[in-house]
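The values are calculated or read from the model by the stated rules, or taken from the named source; none is laboratory data. All of these numbers come straight from a predicted model, not from anything done at the bench. Cβ: placed from backbone, ideal geometry, glycine included. Neighbour counts: every protein chain shown. Heavy atoms of the whole protein, side chains included, go into the accessibility calculation; ligands, DNA and RNA do not. Shrake-Rupley method; radii C 1.70, N 1.55, O 1.52, S 1.80 Å.
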Amino acid sequence: MLRINGLTVSHGAIRALDSVSFSVEQGGLTAVIGSNGAGKTTLMRTLSGLKSADSGSATWNDHNLLHGKPEHHVRQGISHVSEGKSVIPQLTVEENLDLGALWRRNPSEAKASKAEVFELFPRLEERRAQQADTLSGGERQMLAISRAYMARPQLLLLDEPSLGLAPLVIEQIFQSIRHIVDSMGVTVVLVEQNAMGALKIADFGVVLNLGKIAVSGAASDLIADPAVRTAYLGF
Amino acid sequence: MSQFLDMFLIGISAASIYSLMAISMVLVWRSTRVVNFAQAGMALLSAYIGYELVSRTGNFWIALPLAMILGAAFSAFIEFFLMRTLLKNSSQGPIAAIAPIIATLGLLGVIHAVLGFIWGHGDVQLEAPLSKVGYTVGDTTLFIAPMGLFVIGFVIALLFVVTILFQKTNIGLALRASAYAPEIAQLSGVRVSGIRTLGWAIAGAAGAAAGILQTVNGTGAINPDSLEFSLLLVFGFIAAVIGGLESLPGAVLGALILGLVLAFVQIYISGTLVFIVAFLLLLALLILRPQGFLGSKVGRRA
Ligand SMILES: Nc1ncnc2c1ncn2[C@@H]1O[C@H](COP(=O)(O)OP(=O)(O)O)[C@@H](O)[C@H]1O
Ligand SMILES: [Mg+2]
């Protein structure tokens, strides 16, 4: 279980998160939505250890997320796909995948993860020897998610995977994320500006506004809530 | 004909040493975004260490790899205790960009001073383990001698090892990922600060080999006040820039181009023009193609 309590994070004088509290049950898909500048990216970067917090707590099961570097958290089952197409363009598709499993000591397990990834995204297998900068935007996002998946995460943090992608491609990426939750037992926190799309596939929703939680609850309730609809879903 | 062959051989053997220096600079640049001017001093230090090891063991073939290991250790030490502290404490503003460069320049001065203090300001002699008398074919004596041939062969072998290390191993993948995208590497579980130190260590080993090979292939004289290695550093830097500063194959290609061009100038025009031509080459490159020949927007795979 992911528990966040009174989390406050600043960028210099700017308070990006102000006493944020929520928790996420194991095995579900939680969408964190909110407009540009709401603090979504800051939240993800704090949970993965890239950014330090001012106060509050954040734990995944017994693991303190506010202590230690990202390379430490990865080993505890927390993987983060940062905003933008989070792949290394100079490496091949397969090298990007191998990178995700580099710290794992058991090569046959890593190989099994790679097979799962190729099953989920056959396009990546076709392009495995290509340099990642030859991929389309959608393929890069698939690769970024797959790279994180190669670390065999329990908790997967995805920051705006739909950014800059065509609607059909977004649909496909969202379906794959749902599949990762349902079939592979990974808990996913999905940050999105594409609020409606994210809530539709999510189990739970958290709405961030100017660094504070505005509303949270079951995704279907949020979609049905007239106040949320007008303020955040735009209809 | 034999003049042409000489030019070619002079070019290749100079290029092999430039390429070691260029690789050192590229590795340090990629891991910490610092141009390490102290590399010249570290190469000179390695020449002295080679000299000490040869006089103690009496065996150059043991001294060379040992000096490379010590060069790697020294370089890793510098990264771990000096650069890391520096980058941690000056992470913002113009000082952050300048501090590491000034630090490596300062270190260069310190190394020269310490070398003079330990070994005195006269020359010491590192004897070549192989003959430096050129091979004769018929009645012409070629430029290339057994010593020079060893230098070329040894560098080719080192380049081969480095290529395998970077392209075929997990450590190599971690080294490349950390160089291109430290944050993504970190999020993938790579311990980037350790990898950074390793990058400096490999650079130190290559620089140590450059220092020793340059010495034994030249006059063998080592002097703490010598600027020979500072010139070598400039040539290595030019070679690295030709290759785009990010790319290991690029650095080797740059060294080849530079070595051959300078050999041509030396044989067919005048030896005194060599440095001027190298400098003009660097200027022309920085103006016409600042990303280097192998450098592109995203860089290269290795
Ligand atoms: N590196 C930074 N330096 C200064 N301010 C930042 C930085 N990153 C984010 N901010 C500020 O923090 C707030 C939250 O940003 P962010 O977490 O990126 O929001 P979101 O991802 O929801 O768009 C914004 O006001 C933004 O300007
Ligand atoms: Mg964001």
Subject >> Subset of region B:94-134 (residues that are in contact (Cβ under 8 Å) with a residue 12 or more places away in the chain and over 26 Å from B:Pro224 (Cα atoms)) >> reply: B:Val133
Original post:
Do you know which residues across region A:93-117 are more than 10 Å from every other protein chain (Cβ to nearest Cβ), over 11 Å from A:Tyr149 (Cα atoms) and surrounded by 21 or more Cβ atoms within 10 Å (Cβ to Cβ)?
Top reply: A:Val93
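Please work out which residue is farthest from ligand 2 (Cβ to nearest atom), limiting yourself to region A:3-45 and to residues that are basic (Lys, Arg) and away from chain B (no Cβ under 14 Å).
A:Arg3
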**OP:** Filter region A:18-52 down to residues that are buried (at least 22 other Cβ atoms within 10 Å of the Cβ) and more than 16 Å from A:Asp159 (Cα to Cα), then give me how many there are.
**Re:** 1
**OP:** State which residue pairs qualify: first residue of a type in the set (D, E, K, R) and inside region A:41-55, second residue assigned to a helix (DSSP H, G or I) and within 13 Å of ligand 2 (Cβ to nearest atom) in any location, beta carbons under 8 Å apart, and separation of 6 or more residues or different chains.
**Re:** A:Lys51/A:Thr42; A:Lys51/A:Arg45
Original post:
Taking region A:143-169 on its own, how many of its residues are in contact with a helix residue (DSSP H, G or I) (Cβ under 6 Å, 6 or more places away or on another chain), more than 16 Å from ligand 2 (Cβ to nearest atom) and more than 27 Å from A:Ala58 (Cα to Cα)?
Top reply: 2
Subject >> Number of the condition not met by A:Ser86 [criteria: (1) buried (at least 23 other Cβ atoms within 10 Å of the Cβ); (2) at pLDDT 95 or above] >> reply: (2)
Original post:
Somewhere in region B:157-176, is a residue open to solvent by less than 60 Å² (accessible area, probe 1.4 Å) and touching a His at 6+ places or on another chain (Cβ under 7 Å)?
Top reply: no
Original post:
Here is a list of conditions, (1) touching a residue at least 24 places away in the same chain (Cβ under 8 Å); (2) buried (at least 22 other Cβ atoms within 10 Å of the Cβ); (3) facing chain A (nearest Cβ under 7 Å), and B:Gln186 meets all of them except one; can you say which number that is?
Top reply: (1)
Original post:
From the list B:Gly259, B:Gly254, which residue is within 26 Å of B:Lys132 (Cα to Cα) and either modelled with pLDDT of 95 or more or of a type outside the set (A, V, I, L, M) (or both)?
Top reply: B:Gly259
Original post:
Mind checking whether some residue in region A:69-80 is within 16 Å of ligand 2 (Cβ to nearest atom), polar (S, T, N, Q) and open to solvent by less than 30 Å² (accessible area, probe 1.4 Å)?
Top reply: no
Original post:
From the residues in region B:189-217 that are within 19 Å of B:Phe150 (Cα to Cα) and open to solvent by 30 Å² or more (accessible area, probe 1.4 Å), which one is nearest to the chain's Cα centre (by Cα)?
Top reply: B:Gln214
